[in-house]
Amino acid sequence: MPDKSRRDFLRWLAASPLLAGLDLKSCTRPPAPPVPPTAPQPLGPSAPLVTSAEQALDVFDMKAVAQHKLPPAHWGYLSTGVDGEATLRANEEAYARLYLRPRLMVDVRKLDTSVTLFGRTWPTPIFMCPVSGQLAYHPDRELGSARAAKAKDTLQILSTVGNTGVEELAQARGEPTWYQLYPTSRWDVTQALVARATRTGCPAICVTVDLPYDSNRETAARLARQDTRDCTGCHGTPAQRETTYFAKKPMFSGLKIVRGEVRAPQLTWEFVSKLRDLTKAKLLIKGLVTREDAARALGVGADGIIVSNHGGRAEDSGRGTIDSLPEVVAEVKGRIPVLVDSGVRRGSDVVKALARGATMVGIGRPYVWGLAAFGQPGVERVLDILRHELELTMGLAGTPRIKDIGPAAIGS
Ligand SMILES: Cc1cc2nc3c(=O)[nH]c(=O)nc-3n(C[C@H](O)[C@H](O)[C@H](O)COP(=O)(O)O)c2cc1C
């Protein structure tokens with residue numbers, strides 16, 4: 001039926017006494033169910049923006065300000081997961097599925113959140129993960145994070161591909177920090193990086209092994225397309241990105257590394273054994289998520305393991321690290337410390353990770369949200385918020401000391 005005739009017929013039908021008394025609205029089709037997103041959705045601020053670090057009530061207040069302030073490409077790089085971002089979501093959601101089993105009528109007047117690791121006591125088990133390129137988030141870059149880490153006496157790990165060298169960071173922090181090593185495909189580069197960290201006095205080196213390839217970061221790519229700025233000033237031309245860009249990173253200074261050498265798909269456990277022989281610093285392996293690899297780590301003499309999926313930026317298995325942690329802890333049987341990161345957003349998450357056997361619990365994006373939002377005070381506020389939440393959770397759950405937090409503190 002041609003369009004005009006159909007419209008005439010419908011008009012006649014609507015006016016017809018045959019339809020009088022019928023509720024036509026009830027005849028209309030119900031709205032279609034929402035279509036599940038097939039692509040990662042950019043996260044949006046859920047509350048009015050806070051205007052100072054002190055106003056932030058939780059780390060999500062910082063997240064909203066960070067998203068508001070950062071250019072799309074930088075926000076995209078910070079927030080991205082990989083593929084459909086199943087792992088990114090799982091990291092947070094898996095914590096939400098665990099519940100606390102508060103024990104009541106316990107004397108919780110005195111709360112002690114301190115932990116001791118490798119002979120050093122920290123006021124809380126919360127540490128700051130290595131996050132690359134912090135100049136993209138605030139002009140104070142890693143130094144802002146370091147000063148906050150100093151103010152709050154918090155363990156901080158410097159990334160190989162940060163905008164700050166290990167010596168400068170140690171100065172801002174007031175002492176050498178832990179150093180995160182990316183194994184490039186060049187052994188001479190590894191030797192030089194480890195020698196430099198050792199010279200600076202870094203007490204621990206964390207070798208990140210979960211990125212033998214670049215991963216598929218769609219959100220980063222999508223948001224970079226929305227960014228209309230000319231980025232060559234910082235990132236160089238596409239050709240320079242392949243050749244000189246990485247060599248300009250402070251830790252690669254003088255090493256002439258090119259982009260193709262930054263990832264190391266050929267690595268095996270022999271590399272970690274060689275690394276073990278190269279340094280007397282504590283050697284931790286970051287990025288393990290299985291009992292099999294935990295056994296290998298013990299076999300090569302690692303001093304610790306960081307259970308991590310790179311904050312959902314490596315593979316897209318859809319498994320949160322809090323669910324990977326138990327098999328690693330069971331394999332290790334207390335012989336070396338097991339740390340965990342990815343998806344930690346609340347003090348209660350810290351308690352859950354400790355209950356599953358973690359020695360310390362890392363945050364990546366949350367402190368960088370604070371940095372992007374308000375610089376050093378923002379990072380300090382994030383550390384304060386999480387510490388406060390941790391203390392409250394410990395008080396309310398009847399676990400006044402870290403050692404009171406065992407498997408019975410949570411359920412699922
Ligand atoms: C923007 C960004 C950059 C990162 N850079 C590094 C890095 O250089 N080296 C590394 O080992 N991990 C890196 N990570 C992973 C973090 O160390 C950490 O495992 C992760 O952020 C923890 O998850 P969360 O962000 O959900 O807290 C990075 C993470 C983000 C978000």
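The values are calculated or read from the model by the stated rules, or taken from the named source; none is laboratory data. Only a predicted model underlies this, so the values are computations on that prediction, with no experimental measurement involved. Here Cβ is always computed from backbone atoms with ideal geometry, including for glycine, and neighbour counts include all displayed protein chains. Ligands, DNA and RNA are stripped out before the accessible areas are found, and what is left, the full protein with its side chains, is counted by its heavy atoms. Shrake-Rupley method; radii C 1.70, N 1.55, O 1.52, S 1.80 Å.
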Cβ-Cβ FRET estimate between Asp227 and Met105, R0 fixed at 60 Å, reported to 0.05: 0.60
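Taking K and R as +1 and D and E as -1, what net charge do the other residues with C-beta under 12 Å from the C-beta of Ala73 add up to?
On the way: positive: Arg217, Arg222, Arg225, Arg229; negative: Asp227, Asp230.
Summing Lys and Arg as +1 and Asp and Glu as -1 gives +2.
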Most packed first (mean Cβ within 10 Å per residue), the peptides 222-233, 190-201, 337-348 order as 337-348, 190-201, 222-233
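Can you tell me the accessible area per residue over region 325-405, all protein chains present, probe 1.4 angstrom, in square angstrom?
On the way: 2340 Å² over 81 residues.
Accessible area per residue: 29 Å².
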Grab the other residues whose beta carbon is less than 9 angstrom from that of Gln134, score K and R as +1, D and E as -1, and report the net. -1
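How high is the FRET efficiency between Thr51 and Arg97 when r is their beta carbon distance and R₀ equals 25 Å, given to the nearest 0.05?
0.15
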If each of Gln171 and Ser253 carries a label point 7 Å out from its Cα toward its Cβ, how far apart are those two points in nm? 0.9 nm
Residues of type lysines that Lys286 reaches as a straight line, Cα spacing below 30 Å, ignoring anything fewer than 8 places off in the same chain: Lys63, Lys150, Lys152, Lys248, Lys249, Lys256, Lys274, Lys333, Lys352, Lys403
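Just to be sure I understand: of the beta bridges DSSP finds with both ends in the chain, what percent are antiparallel, rounded to 5? Working shown, then result.
Values: 5 of 29 bridges.
In the chain, DSSP labels about 15 percent of beta bridges as antiparallel.
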Starting at the first residue of region 256-266, write each ³J(HN,Hα) from the Karplus equation 6.51 cos²θ - 1.76 cosθ + 1.60 with θ = phi - 60°, in whole Hz, x for Gly and Pro. 6, 7, 10, 3, x, 9, 6, 8, 9, x, 8
Accessible surface of the chain [probe 1.4 Å, protein heavy atoms]: carbon and sulfur percent: 56 percent
Can you grab the distance from the C-alpha centre of region 62-113 to the C-alpha centre of region 236-287, Å, no decimals? 29 Å
Going residue by residue through region 291-298, the Karplus relation 6.51 cos²θ - 1.76 cosθ + 1.60 with θ = phi - 60° gives ³J(HN,Hα) values, rounded to whole Hz and with x marking Gly or Pro, of 5, 4, 6, 4, 5, 5, 4, 4
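Of the chain, which part is the longest with no chymotrypsin sites (Phe, Trp or Tyr not before Pro) in a loop (DSSP not H, G, I, E, B) and with at most 16 other C-beta atoms within 10 angstrom? If you can, show how the numbers build up before the last one.
Numbers: sites that count: Phe118, Tyr213.
It runs 214-412.
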Set Lys and Arg Cβ to +1 and Asp and Glu Cβ to -1, take the dipole of region 135-271 about its Cα centre, and tell me which of Tyr182, Val262, His235 lies farthest positive. His235
Explain nothing, just compute: Karplus ³J(HN,Hα) = 6.51 cos²θ - 1.76 cosθ + 1.60, θ = phi - 60°, for every residue of region 124-132 in order, whole Hz, x for Gly and Pro. 9, x, 8, 10, 9, 5, x, 10, 5
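Rg(Cα) of the chain divided by 2.2 N^0.38 Å?
Numbers: Rg = 25.1 Å, N = 412, 2.2 N^0.38 = 21.7 Å.
That works out to 1.16 for the chain.
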Under a 5 Å amide H to amide H cut-off, with H placed in plane at 1.01 Å, what residues pair with Leu117 once short-range neighbours are removed? Trp122
5 Å is the cut-off here: which amide hydrogens, built 1.01 Å from N in the peptide plane, fall below it relative to Gly318, excluding neighbours closer than 5 in sequence? Thr87
Compute the distance in nm between two label points, each set 7 Å from the Cα along the Cα-to-Cβ direction, one at Asp214 and one at Arg120. 3.4 nm
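Around Thr232, with a cut-off of 14 angstrom between Cβ atoms, what is the net charge of the other residues, counting Lys and Arg +1 and Asp and Glu -1? Walk me through the numbers on the way to the answer.
Numbers: positive: Arg229, Arg241, Lys248; negative: Asp227, Asp230, Glu242.
Net charge in that neighbourhood comes out at 0.
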Dividing the helical contributions, -39500 (n - 2.57) per DSSP H run of n ≥ 4, by the residues of the chain yields a 222 nm value, nearest 500 deg cm²/dmol, of -12500 deg cm²/dmol
Please report how far the C-alpha centroid of region 116-134 lies from that of region 372-412, rounded to the nearest whole angstrom. 14 Å
